[in-house]
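The values are calculated or read from the model by the stated rules, or taken from the named source; none is laboratory data. Quick caveat: nothing in here was measured; it's all calculated off a predicted structure. Cβ: placed from backbone, ideal geometry, glycine included. Neighbour counts: every protein chain shown.
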Amino acid sequence: MRTTRYELTHLQALEAESVHIFREVAAEFERPVLLFSGGKDSIVMLRLAEKAFWPAKIPFRVLHVDTGHNFAEVLEFRDRRVEQLGVRLLVGSVQEAIDAGKVTEQKGPKAMRNQLQTPVLLESIENGGFDAVFGGARRDEEKARAKERVYSFRDEFGQWDPKNQRPELWSLYNGRHRRGEHIRVFPLSNWTELDIWQYIAQEKIEIPSIYFAHTRPVIKRDGMLLAVGGPVQALEGEEPFDAMVRYRTVGDTSCTGAVESLAASLEEVIAEVAATRITERGATRADDRVSEAAMEDRKRDGYF
Amino acid sequence: MELLRVATAGSVDDGKSTLIGRLLYDTKSLFSDQLEAVERTSRERGDEYTDLALLTDGLRAEREQGITIDVAYRYFATPKRKFILADTPGHVQYTRNMVTGASTASLALILVDARKGVLQQSRRHAFLASLLRVPHLVLCVNKMDLVDYDQEVFERVKAEFRDFAAKLDIGDLTAIPVSALNGDNIASRSENMPWYEGTSLLHHLEDVHIASDRNLIDVRFPVQYVIRPRGSSGLGEAFHDYRGYAGQVAGGVLKPGDEIVVLPSGLTSRIAAIETMDGPVDEAFPPMSVTVRLEDNLDISRGDMICRPANQPSNTQDISAMVCWMSETSSLVPRQKLAIKHTTRSARAMVKDINYKVDVDTLHRDESAGSLSLNEIGRVSLRTTAPLFHDEYRRNRSTGSFILIDESSGVTVGAGMTLPD
Ligand SMILES: Nc1nc2c(ncn2[C@@H]2O[C@H](COP(=O)(O)OP(=O)(O)O)[C@@H](O)[C@H]2O)c(=O)[nH]1
């Protein structure tokens, strides 16, 4: 890499900031863990972690909170990536928590498992004794996230208190916490959806195939396209049909919607994202639609 | 495409939220679902027009009380630049938010209402921007539509602001007459103000020269993390003896072959290579994150500083600094002990003296103050348990800044900017 005039591109500047955050955490915490879902943000996060410690291996484990409603392509990708990097994968299973009676599943055909992720995540953090938890959240995703710090303090209950956040200045991060408390760390805070896509293209990072246009049977529910299968079955009046779609985010299949798209390559996806007029979460996440403050409420409870 | 970090400041109702909403709208950074949500809320409240300010009021409490309570970050981009905007509220009690937002900003937008002119709060915002060494300042004289786009009003406000700014250390000041509500002089020059010869706000943000804001002279590399691949790195023998010093360049330009000195040991060596996962680089400069390898095997750990033998930072346990106090529950008083974090070093600090407190409105120095409470700023002498390798903040914002942490609660309670000894 040869740089003239000592300028960095925005992606280089963002990368430098994220790498700095990873190293800061590795130096100051005892047991960090990285949340890895196999989604594009966590894939980018993992790449940045790889860069931060190269040529050494990533010095912490990765954790997937598995709702049990997964896209097969994503699970396959997750396992392959973890294997390549030689990191250890922990899985917190929502299904097991349901089976053990620790959490209760919503009833009805429109039930979502998103809420159930929070207790499972918190339990995994507690059992693992993790003091820093890397999450791939971006501030451009949502209004409450726009206010969250890079180091986000969580109390013993994993709660976020938006009115009582620590000031965060320069790139001096304060990771102080007591036993039982932890810090959520968001190395992608300043990245936008477009930045993520541009970086994936620049770095030639592999991502699961569901991010590209493909044909699959879907139903239209509450204005969203949901893949038919597993927890999602057509209700009365809903007619499954084949559509050319892709996913903008990867989550639980019961509440992650697809968008109609013909974008089959990265370049086409980037062109589409650059032109899109619907935010990522708004288009595809039923969980945020419940109310204007849905995300804030879930974050207070310890959601990522 | 370059990155520009911007902070905003303005008193309540000067139109800051509207301005930000307008910037997002005009750069097409708004998405239809966000707009729809805002339109819906506006309608429900009975507003006559879509209140773009709603776009930026993120938290429930703010929606309920109609105020902005904390720093929020917004993102927008034009083909030329990507912008990160720290949106900081302008209430009297929120100095600490502006200090936070300004700490990383290269440019500060200060809003005033054309009808009201330069208020005490505007002076405060200018002072804070200069204290935090934000290199570029833009005065947006807003609501020009309410003063008939009158040039005289603009010139009067501008002159008033310049008078005050002259007392401060402000590098670059630009004044722009705007109407955030109507979009005059925001994305493009307004036909309502033909007398205005400058550029639109967005154009200015795209063009302002920021490359020379960084310190490219004094080589400063705080060691953040030592990379030593162990055992089964999978990379084979090549990395068996690998020892790299990872960090983010805080000043100057590092090159392989450069002679360096490591603080605090004072040992010298040469840079063998500067590496990244993408391959070696032949120059590293701020804010790059790289890994430096040296020709000799020295004992170096986190918190050490790599610099050039002929250009070293101050190396003392006695620090003078301007401190902004941010705690709601305690004051800063002499003999108090705190944790301090500076570059990659952590230590403890004791307050030796509070030399004076600055009245942020008049700039008057009160030498009898004796303590600093929430949102107060003053000159403080500290003694630290270990030497800090620092430069004067005005020379280097990375090696001249520190935070103070309350040792029992763990909360960040102070922000410091070092002064010459
Ligand atoms: N006429 C006029 N009104 C404005 C302008 N900018 C903002 N306002 C109005 O001033 C009020 C306060 O604006 P807001 O953006 O909420 O101010 P903030 O408290 O600084 O964020 C709102 O009623 C806005 O519609 C402007 O350029 N012209």
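Could you please let me know if A:Leu75 is at negative phi and within 14 Å of chain B (Cβ to nearest Cβ)?
When the stated conditions are applied, A:Leu75 does not pass them.
Please specify each residue of the range A:22-60 satisfying the condition of being within 11 Å of chain B (Cβ to nearest Cβ) and under 17 Å from the mean Cα position of the chain (by Cα).
A:Phe22, A:Arg47, A:Leu48, A:Ala49
If you take just the helices (runs of 4 or more DSSP H) that sit entirely in the range A:19-103, which of them hold at least 2 residues that are touching a residue at least 60 places away in the same chain (Cβ under 8 Å) and of a type outside the set (Asp, Glu)?
Per the criteria, A:40-53, A:72-85.
For every residue, the table says whether it meets (1) among the polar types (S, T, N, Q); (2) more than 14 Å from chain A (Cβ to nearest Cβ); (3) part of a strand (DSSP E or B); (4) touching a Pro at 6+ places or on another chain (Cβ under 7 Å).
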residue	(1), (2), (3), (4)
B:Ala273	no, no, yes, yes
B:Pro280	no, no, yes, no
B:Asn297	yes, yes, no, no
B:Cys307	no, yes, yes, yes
B:Pro334	no, yes, no, no
B:Ala339	no, no, yes, no
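For the range A:128-205, which fully contained strands (runs of 3 or more DSSP E) count at least 3 residues that are facing another protein chain (nearest Cβ under 10 Å) and at pLDDT 95 or above?
none
Could you tell me which of the residues A:Ser124, A:Ser93 is modelled with pLDDT of 85 or more, at negative phi and hydroxyl-bearing (Ser, Thr, Tyr)?
Result: A:Ser124 is the single residue among A:Ser124, A:Ser93 that is modelled with pLDDT of 85 or more, at negative phi and hydroxyl-bearing (Ser, Thr, Tyr).
Of the residues B:Asp391, B:Asp361, B:Asp406, only one is under 24 Å from the mean Cα position of the chain (by Cα), at pLDDT below 95 and among the acidic types (Asp, Glu); which?
Selected residue: B:Asp361, the only one of B:Asp391, B:Asp361, B:Asp406 that is under 24 Å from the mean Cα position of the chain (by Cα), at pLDDT below 95 and among the acidic types (Asp, Glu).
Taking the stated definitions as given, is B:Thr329 on the phi > 0 side of the Ramachandran plot and within 14 Å of another protein chain (Cβ to nearest Cβ)?
Criteria not met by B:Thr329.
Can you confirm whether B:Ser130 is among the small types (Gly, Ala, Ser), away from the ligand (no atom under 16 Å from the Cβ) and within 14 Å of another protein chain (Cβ to nearest Cβ)?
Spelling it out, it is not the case that B:Ser130 is among the small types (Gly, Ala, Ser), away from the ligand (no atom under 16 Å from the Cβ) and within 14 Å of another protein chain (Cβ to nearest Cβ).
Are any of the residues in the range B:231-242 under 29 Å from the mean Cα position of the chain (by Cα), surrounded by 17 or more Cβ atoms within 10 Å (Cβ to Cβ) and assigned to a helix (DSSP H, G or I)?
Scanning the range B:231-242, I find no residue that is under 29 Å from the mean Cα position of the chain (by Cα), surrounded by 17 or more Cβ atoms within 10 Å (Cβ to Cβ) and assigned to a helix (DSSP H, G or I), so the answer is no.
Is it the case, given these coordinates, that A:Arg149 is more than 17 Å from A:Arg248 (Cβ to Cβ) and surrounded by 15 or more Cβ atoms within 10 Å (Cβ to Cβ)?
So A:Arg149 fits the description; yes.
Go through the range B:129-171 and report how many residues are over 25 Å from B:Arg379 (Cβ atoms) and part of a strand (DSSP E or B).
Matching residues across the range B:129-171 total 6.
Scan the range A:206-235 residue by residue and report those that are assigned to a loop (DSSP other than H, G, I, E, B) and within 14 Å of chain B (Cβ to nearest Cβ).
A:Asp222, A:Gly223, listed by residue number.
Look through B:Asn396, B:Asn375 and report the one residue that is in a loop (DSSP other than H, G, I, E, B), under 29 Å from A:Arg23 (Cβ atoms) and in contact (Cβ under 8 Å) with a residue 12 or more places away in the chain.
Answer to the selection: B:Asn396.
Go through the range B:195-230 and give me each residue that's modelled with pLDDT under 85 and either surrounded by 17 or more Cβ atoms within 10 Å (Cβ to Cβ) or in contact with an Asp or Glu (Cβ under 7 Å, 6 or more places away or on another chain) (or both).
Residue satisfying the conditions is B:Ala211 alone.
Every residue, every condition in (1) away from chain A (no Cβ under 14 Å); (2) within 11 Å of the ligand (Cβ to nearest atom), yes or no:
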site	(1), (2)
B:Pro177	yes, yes
B:Asn182	yes, yes
B:Glu191	yes, no
B:Trp195	yes, no
B:Thr199	yes, no
B:Glu206	no, no
B:His209	no, no
